Structures are given as C-alpha cells and as structure tokens.
Amino acid sequence: MARMSVVTRFAPAPTGRLHVGNIRTAVHNWLWARKHGGRFLLRLDDTDRERSREEYAAGISEDLAWLGLAPDEEHRQSARFGRYEMALARLREAGRAYPAYETAQELELKRKVQLGRGMPPVYDRAALDLTDGDRARLEAEGRRPHWRFRLDHDAPIKWNDLIRGLQHFDPALLSDPVVRREDGSWLYMLPSCVDDIELGVTHVVRGEDHVTNTALQIQMFEALGAPPPAFAHEALLVGSEGKLSKRLGSLGVDAMREAGIEPAALVAKLARIGTSLPVEPVISAAPLIESFDFATFGRAPARFDLDELAGLSAKIVHQLPFDAVAERLPAGMGPADWLAVRPNLRKVGEAGDWWTILHGHVETKAAEEDRPVVAAAVEAARGIDWAAEPWRQLVAAVKERTGASGKSLFLPLRRALTGRDSGPEMAALLPLIGRDEAVARLEAAL
RNA sequence: GGCCCCAUCGUCUAGCGGUCUAGGACGUCGCCCUUUCACGGCGAAAACACGGGUUCGAUUCCCGUUGGGGUCACCA
C-alpha cells in the first residue's frame, strides 16, 4: 500500500497582513508538504464576518506568492457553513453539543470570581443542568442559545506531538468550548476540525498557542468519528528584546518587502530559526526542504532579529544571478553591470544608484590634497590600453608619477570616478564606466 | 492563580552520566586577499541560571528557587 500522502494547511484569518509568526508556520507547513510530495493547502478562516476583509485575503495570497509558497489548493470557511451545520447536528445527536444561555457578561463575571478564588476559570457547565422547562422559559424571554461542545471528562487526552513529545491533558480542567454563537456564526474550533477531516489534512503544524485547542479538538475529532491528524506545535517567536513584542506582531511581509528584504532570506530564516540547523543564505528552497525535520526544533521561544534578517538578505543578494533580478533592475542594466555591483549591495534596489554611477554622469571636485593624484590619473589614462585591466595600469602609472600608495592613492581616484568613498571593486567598475567617461570625470574633478 | 512548555557562548543550538580542556552556526574581534571601503577566505574570544539531592562521577537524572514563553474568549 502506498504511503498516505501528506496534506498540510496554512489557515490564517484574513483580518490583517501576514507577519513573521504567521509566515513561519506557513513555511513549515509548506516545507513538510514539499518534502513528502504532498499538498499544501491555504484555508482562509473567515468565519468572523466582522473582521474578515477581502483585501486581506488578496494580500495573503500575494504575500505567499512573493515568498514562493504557492498553495496547491485554496479553501474558505465562509463557503463551508453547511458542513459545520451538519457536524453540529451530529454532535447534538451524540449528546456532545449543548445549548447555553449565559451572556458574555455573565461568563466574564464567573471567570473573575473563579480567578479571585485562585481557581482555574473553567466553565461550570451550568447549562447542562437546565431542564426543558428552563430552556423554554429562556427562549420565551427572547434568549437565543450559543452552543458548546461537551468534553468527555472521563477520557484523558493525549497525543504524541511531533515537536513537544507526549502531551497529556485532563479534560476536566478545560472549558467546554463554544462552537457557535447565538447569532448563528461559527467560532474557530469546530470548523477547523471539520475542515481538517474533510480536506484530508494529515499534519497540523501551528504555534504552541494552539496546544490547548488541540486538546479540545482531539476529542472533537473523535466525537466526529475521525482519527485526529498528527500535530506539531512550535514554540513562538519573540522579539530581539526578549519579550513578545508588539512590533514583531506588526512586522508584516509587505513592510519587509518594501524594506528590500529578499523573499528567499525570509524563507531561509524562518525555516531554520529555532532549530538546531544553521541559518544559511540559500537562494533555493531545495536544501531547506531536504533538511526539514521536526526533531531539530527547540521547544523554547526563539528570538527574531530584523537586523540578522537584513544581513542574511544581503548575503543572498550577493549570490543572486542576473536572471533572478533582471526585472527589478533599471532598464538597460546588463549582466556585467550586475555582477560588478552585486557584492557591494545589501538590497537589490541599491543597484539603481550604481547604474547611474556606472553609466550616467558623475561630477566631483577633488580636495586640494587629492589633486596631484587625480591630475596624474588624467595624464595616465590617455596612455592606457583600456582593453586590458585598465584599473591596474592606471594605478601603477599614478603611483609611479606621484609616489602615492594605499588609501591616499585609491580614495582620490574612487571619489573622482564614482563620487563615493566606498563601493564595489574599482577594477570591475572602471571598464564599465569606459575610457571617455572616466577621463571626463577625472578632468572634471580637477 | 491552575495547567502546559522551556532554561548551554550576545543569538539559534549540539549534548541524551564519564568521550566536555562543552561542538556548530550567526554576530563580534583579529589576520589574509584587494596597493582604499565593501565582498570573499582563514582564525580567535565567548556559555552549562541558582540551591539541594542521586551517583564513584553530573551540562546530562530528581526536587526546589528564580527566570522566560504559552493558555485558561460568544479571537483565531
């Protein structure tokens, strides 16, 4: 029998743009599916009509595409309400769902009292004691019920988490989750289970903020007559200051894209951060897919540092071939220009500056003390064979005429020729600037 | 407060009783290359939270303390 193929899913709520935490689980789900030749699903958890917005749904797809994490299928919970309705009906028949009439305020008060007494704020199941008469009376008063899933307090919950190992939960310490609001809208818990079952999800990879949800959902899967999928809960990311930062939460992909971060850098970083594998500046996802392994995941929160990401991104830029960046370069910039300039870039966008330095017009004024060197360069430039390592010849000639060397030799020439104090190797730049323009720039600097 | 995780260089981590004078990666520093800067190459410095046990022997096992993270919603 063929091995059951892997199906993973990324299930964001379209209530905002993707951010680092989100993307990390998306990357891991994607890597796991790719590694096993399975499918990676995008499921929009848009049961919350108030907050879900179409523009965010579009933004999420856009962000995933930019990162190269194309989903194999897309689903929306808003299109599946009928399925949830059926599942709830089955749960009711099985005695695993019951109506409750407390208001949000009443529940809030109960929790406060419990907390005040040092008790865990678990729902007291008062609604379970309601008689038919009670319910009829409440309904007559105009109250509508919300629905809770009834946990089986006698069935200890356990699963073998791919990252956290054996997990045990006592259902008596958990509240029966509300699955449907009194207005008929759905909460996350049940739809997620139904979808995972019906879409054939085999591995649920998500943050550890979901561990107790998993405990609840495992009973839900069983109540629905389906074997639960495998679970992997990864430790969350924290900001570089150590605390879980709000800033991290708002670090959106769109912002990073605008900041010039390479998508490959983000994927490489997020694939490996918090694992025992080194974060490497890889251009292709292939090595990330091949090495992906839940066993390498640490269980402590890892720090995400934007500066580190920027450094990784720079290293990736240094490796990017011309074809990979051509459409982001100024029109007319060719492979030779890119290769000459690439090692000095932190972002692809900076190539534009060098493009104008290479082929535009540069005019500088040499400092008084630099003039002899520049003057010597003007003379020397005329006698140079520009077809053969002109920079080496130029430097040698100027050195011979002026006696200058090292920095006092190089800096004046770099300034006169490029208008900058630093940049790519002059030996690579000079041939691209060309003889006539180089001479013009040197003369202009005098 | 209850429950669940976690605690090794600045950061991410390896380590699953002696092999640890604790390994790797990022960063940092130094050197080399380039007759400048950057890029690249090489090398160095840098850590077992604390207190009790268990043991012939603890980074490794147990307990506690401290610290960090998560969760306990009619959010997802």
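Here are a few things to note about the model shown:
- Filtering region A:356-376 for residues that are out of contact with any Leu (no Cβ under 6 Å at 6 or more places or on another chain), of a type outside the set (D, E, K, R), within 9 Å of RNA strand B (Cβ to nearest atom) and in a loop (DSSP other than H, G, I, E, B) leaves an empty set.
- All positions within region A:79-108 that are buried (at least 17 other Cβ atoms within 10 Å of the Cβ) and either under 24 Å from A:R135 (Cβ atoms) or within 12 Å of RNA strand B (Cβ to nearest atom) (or both): A:Y84, A:A87, A:L88, A:L91, A:R96, A:A97, A:Y98, A:P99, A:A100, A:Y101, A:E102, A:L107
- Among residues of region A:11-30 that are under 18 Å from A:L41 (Cα atoms), those with a beta-carbon under 6 Å from a residue that is among the basic types (K, R) and modelled with pLDDT of 95 or more at least six positions away or on a different chain give the pairs A:A11/A:R43; A:T25/A:R206.
- Contact map, region A:281-305: residues that are over 20 Å from A:L236 (Cβ atoms) paired with residues that are assigned to a loop (DSSP other than H, G, I, E, B) and more than 11 Å from RNA strand B (Cβ to nearest atom), Cβ distance under 7 Å, separation 6+ or inter-chain. Pairs shown: A:I283/A:L320; A:A285/A:G68; A:L288/A:V282.
- Residues of region A:343-363 that are at pLDDT 90 or above and crowded, with 18+ Cβ neighbours inside 10 Å: A:N344, A:L345, A:V348, A:A351, A:W354, A:W355, A:I357, A:L358.
- Residue pairs meeting the criteria (Cβ under 9 Å; at least 6 apart or on separate chains; first among the β-branched types (V, I, T), in region A:403-415; second assigned to a helix (DSSP H, G or I) and near RNA strand B (Cβ under 9 Å from one of its atoms)): none
- Scanning region A:186-205 for residues that are more than 21 Å from A:P171 (Cα to Cα) and either within 13 Å of RNA strand B (Cβ to nearest atom) or surrounded by 18 or more Cβ atoms within 10 Å (Cβ to Cβ) (or both) returns A:W186, A:D195, A:D196, A:I197, A:V201, A:T202, A:H203, A:V205.
- Residue within region A:201-214 that is assigned to a loop (DSSP other than H, G, I, E, B) and modelled with pLDDT of 95 or more present: yes
- Residues in region A:288-312 that are more than 10 Å from RNA strand B (Cβ to nearest atom) and either surrounded by fewer than 15 Cβ atoms within 10 Å (Cβ to Cβ) or hydroxyl-bearing (S, T, Y) (or both): A:E290, A:S291, A:D293.
- So A:I316, is it more than 7 Å from RNA strand B (Cβ to nearest atom), touching a Ser or Thr at 6+ places or on another chain (Cβ under 7 Å) and of a type in the set (V, I, T): no
- Within the set A:A396, A:A428, the sole residue that is of a type in the set (A, V, I, L, M), loosely packed, with under 14 Cβ neighbours inside 10 Å and either more than 25 Å from A:R346 (Cα to Cα) or touching a residue at least 12 places away in the same chain (Cβ under 8 Å) (or both) turns out to be A:A396.
- Any hit, region A:5-17, residues being farther than 20 Å from A:H233 by Cβ, in contact with a strand residue (DSSP E or B) (Cβ under 6 Å, 6 or more places away or on another chain) and surrounded by 22 or more Cβ atoms within 10 Å (Cβ to Cβ): yes
- Search result, residues across region A:239-269 that are modelled with pLDDT of 90 or more and under 25 Å from A:W32 (Cα atoms): A:M256, A:R257, A:I261, A:E262, A:P263, A:A264, A:A265, A:L266, A:V267, A:A268, A:K269
- Scan of region A:308-340 for residues that are assigned to a loop (DSSP other than H, G, I, E, B) and touching a residue at least 40 places away in the same chain (Cβ under 8 Å), ordered by number: A:L320
- Meets criteria (at pLDDT 95 or above, buried (at least 20 other Cβ atoms within 10 Å of the Cβ) and in a loop (DSSP other than H, G, I, E, B)) for A:L69: yes
- Residues that are assigned to a loop (DSSP other than H, G, I, E, B), more than 27 Å from A:D183 (Cα to Cα) and more than 16 Å from the chain's Cα centre (by Cα), drawn from region A:1-60: A:M1, A:A2, A:R3, A:M4, A:S5, A:V6, A:H36, A:G37, A:G38
- A:G207 passes every criterion in (1) under 25 Å from the mean Cα position of the chain (by Cα); (2) under 25 Å from A:A79 (Cα atoms) apart from (2).
- Tally, over region A:396-430, of residues that are more than 6 Å from RNA strand B (Cβ to nearest atom) and touching a Pro at 6+ places or on another chain (Cβ under 8 Å): 3
- Just one of the listed residues (A:L166, A:L138, A:L128, A:L174) is within 30 Å of A:P227 (Cβ to Cβ) and either over 36 Å from the mean Cα position of the chain (by Cα) or more than 9 Å from RNA strand B (Cβ to nearest atom) (or both), namely A:L128.
- Enumeration of residues in region A:109-120 that are modelled with pLDDT under 90 and within 7 Å of RNA strand B (Cβ to nearest atom): A:L115, A:G118, A:M119, A:P120
- Filtering region A:295-307 to residues that are among the acidic types (D, E) and in a helix (DSSP H, G or I) leaves only A:D307.
- When A:L417 is tested against (1) within 26 Å of A:I316 (Cα to Cα); (2) crowded, with 17+ Cβ neighbours inside 10 Å, exactly one condition is not met: (1).
The values are calculated or read from the model by the stated rules, or taken from the named source; none is laboratory data. Note that the structure is predicted; figures quoted are calculated from it, not measured. When we count neighbours, we look across all protein chains shown, and the Cβ atoms used for this are built from the backbone with ideal geometry, even at glycine.
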